[in-house]
């Protein structure tokens, strides 16, 4: 039986080794995940325009190899041996000796044990983060799924509903049709009428016969002209409207954070990691993203990113001031009909006890009806009155979520828990 050879001629783009690269990424997925998560530490929220260099220890790239020895008991004479005699067991080289390990002397041959380094593209970088995530409750409006639609005028058509009938356009078409169909007949009619007047002035024997024939022809032409319909179905013109997809391309991300004295640098770092993840997440679905930073203690203020993460204030905490400012900015600059609004709030939960109830009311009545999603992350363990008020809200509003993260290692799992796909495991 002859052997069959199958040749895969599918195009793989400019990168001819794309298949090998995909297999490599799948094989070392966990190590790449860890490298990508560590890369977030030194980046700003908007600093996602580059990929990342990933280091993988060379020992993890080794392939299993079967070696076949001579077998049996052998006696071998090693030249230059001054330490061992027959029957001695030779120990393995200690760290830094032999095997090409670090700390050895330089050599002009052999291989080193440096890590394998490869560059992860921007798209691959984000894919590692969000390979099993999706925007919550946006399956019908995201760019990757079903787009939003709008109706747009597209000229005129000969079919449509009576409500879309364009009267002027239809009458114009009917007039043009009547003129076109009766042009030759009217020209001939005018000529025959002029001929009739000339025959009436003549006095010849054949004049009565010619006059009768002319009048008969005139009557026939007039009947033909009268038979042309004033309005025909082919004259009707209807306004045509088509539905075109409108991708959801704009989003605004509100970052709210407590900067009072209880929020130290470690807690701010936890909040920053969460905001970075949310920003990266939204860039996969929107072309244009605005970021609004609102910090607050007893009063709220819109600031830039530098002051947002590094400024420290003293005094009490009134969280509702940040929510009021967020609502004001939405009304002034970000209409919900044109922007997809996301809110992310980070706090240690410490709030003036009379203010927590008002925060829940502002969120429920004014903020959440305008937002696609709002997430609250508490970066401290104790559950205080603000947490208790938000728990009541989370039970009734599906696009509001709240979690706690007190260590840097918990930020990523918390984020995945907030935004995971339906049915996916955290």
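Here the extension length gained between residue 404 and residue 262 equals 49.5 nm, from 0.36 nm per residue of separation less the Cα-Cα distance. Go ahead and run the numbers for FRET between residue 364 and residue 30, Cβ-Cβ distance against an R0 of 35 Å, rounding to 0.05. So, using R0 = 35 Å, E works out to roughly 0.30. Take the Cα of residue 151, go 7 Å toward its beta carbon, and the backbone nitrogen atoms of segment 215-244 under 18 Å from that spot belong to 237-244.
Take 219-230, 375-386, 271-282 and order them by the average number of nearby Cβ atoms within 10 Å per residue, most first; the result is 271-282, 375-386, 219-230. Pairs of Cα atoms nearer than 8 Å and 6+ residues apart set the relative contact order; for segment 247-419 it is 25 percent.
A full extension of the chain between residue 207 and residue 298 corresponds to an added length of 21.5 nm, given 0.36 nm per residue minus the alpha carbon distance. Model label points for residue 86 and residue 196, set 7 angstrom from Cα along the Cα-to-Cβ axis, are 14.6 nm apart. Each residue in 339, 352 was given a count of other beta-carbon atoms within 10 angstrom of its own, and listing them fewest first yields 352, 339.
Legend: ranking of residues 83, 361, 52 from fewest to most surrounding C-beta atoms inside 10 Å; resulting order 83, 361, 52. Maximal additional length on extending the residue 353-residue 230 stretch stands at 36.2 nm, based on 0.36 nm per residue less the C-alpha distance. So if R0 is 56 Å, what FRET efficiency would residue 180 and residue 119 give, r being the distance between their Cβ atoms, rounded to the nearest 0.05? That gives a FRET efficiency of 0.20.
Modelled this way, with points 7 Å down the Cα-to-C-beta line, the labels at residue 23 and residue 332 are 5.8 nm from one another. The simple Förster model, with R0 at 22 Å and r as the Cβ-Cβ distance, assigns residue 244 and residue 165 a FRET efficiency of 0.45.
Every read-out reported here was derived from the displayed coordinates using simple, explicitly stated rules and does not represent laboratory data. Please read these numbers as outputs of a predicted model, since none were measured by experiment. Note that each Cβ is placed from the backbone with ideal geometry, even for glycine, and that neighbours are counted across all protein chains shown.
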